[in-house]
1. What part of the accessible area of the chain, given as a whole %, is carbon or sulfur when the probe is 1.4 angstrom?
2. Pop the C-beta distance of Arg166 and Asp97 into the FRET formula with R0 = 25 Å and round what comes out to the nearest 0.05.
3. Using θ = phi - 60° and the Karplus curve 6.51 cos²θ - 1.76 cosθ + 1.60, what whole-Hz ³J(HN,Hα) does each residue of the range 174-191 get, with Gly and Pro shown as x?
4. Just the Cα atoms of the range 1-82: what Rg and Dmax do they give in Å?
5. Does the range 72-180 come out rounded, prolate or oblate, given a ≥ b ≥ c as the square roots of the eigenvalues of its C-alpha gyration tensor, rounded meaning a/c under 1.5 and, failing that, prolate meaning a/b above b/c?
6. I'd like to check one number: the per residue accessible area of the range 49-146, probe 1.4 Å, reported in Å² as a whole number.
7. Translational diffusion coefficient of the range 123-172 at 10 °C, 1.306 mPa s, Stokes-Einstein with Kirkwood Rh over Cα pairs, in µm²/s as a whole number.
8. Using only the alpha carbons, work out the radius of gyration and Dmax of the chain in angstrom.
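The values are calculated or read from the model by the stated rules, or taken from the named source; none is laboratory data. Here the structure is a predicted model, which means the values were calculated and not measured. Cβ placement follows ideal geometry from the backbone for every residue including glycine, while neighbour counts extend to all protein chains displayed. Please note that ligands, DNA and RNA were not included when accessible areas were found on the heavy atoms of the full protein model with its side chains. Shrake-Rupley method; radii C 1.70, N 1.55, O 1.52, S 1.80 Å.
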Amino acid sequence: KFFKLLTTSSNNWMLIKVVKLLGSLVSEEPRLARKLLEPLVTIIKNTGAKSLQYECIFTITEALPFSRREDGSEARNAPEVIATCSEYLRGFIEDADQNLKYLGLVGLCNLMKSSPRSVVDHRDLILGCLNDDDVTIRTKALELLAGIASKKSLVDLVHHLLDHVRRSEGSYRDELIAKILWMCRRDKYQLVTDFAWYVSVLLDLAVMQGARHGREVADQLMEIALRV
């Protein structure tokens, strides 16, 4: 009954409720997760209602981890579905409406859990959000950047974040420093390929006035000195 409503109803309010309900069931019934992908993409492409679009995208990001088959392979249409969600979320982030921009970043955070590669494509757009006046948008962009950091991109990302540290203040500045330290320390410094470079970063952070991360900077300097 609900699936029939999903594929036949034209009432946006009704569809949002049905999408929410079916999305809450995907963790209990993996076959439903695979079955939902195609109709949800159809709604995303055909509706002009941003609220319904976003609800469908959110439900897809929740369903994707449960849509894998028992052998670990993805659903046949998963790449197309992910590409569609990624494209529409980019549109949200580029919108002048701050609420839509924030929702687009939240959607990318959810998509990153199942498809980090699709988020990497939006790296420059996300970096641009660090200049936004809204601190909630900057914070969400920072979370995304930390999540997509790799051995190849770490140095460039850290230098971008250091530039923002020098221009920021207060709790947001502390959050930037915390993310730099977390990105580089993650998985026992797995992403750091040049420890001389990272020691220079730590020394830059050590002399910054007002930072609350002195203890962690000191601990990392000692750990690197002892291990490396």
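1. Numbers: 6270 of 12250 Å².
Exposed carbon and sulfur together represent 51 percent of the surface.
2. The pair Arg166/Asp97 has a calculated efficiency of 0.25.
3. Karplus-based 3J(HN,Hα) across the range 174-191 equals 4, 5, 4, 5, 4, 5, 4, 5, 5, 4, 6, 7, 3, 6, 6, 6, 4, 7 Hz.
4. Over the range 1-82's Cα set, Rg and Dmax evaluate to 12.0, 38 Å.
5. oblate
6. Solvent-accessible surface per residue comes out at 46 Å².
7. For these conditions, the coefficient is 143 µm²/s.
8. When restricted to the Cα atoms of the chain, Rg and Dmax are 20.6, 65 Å.
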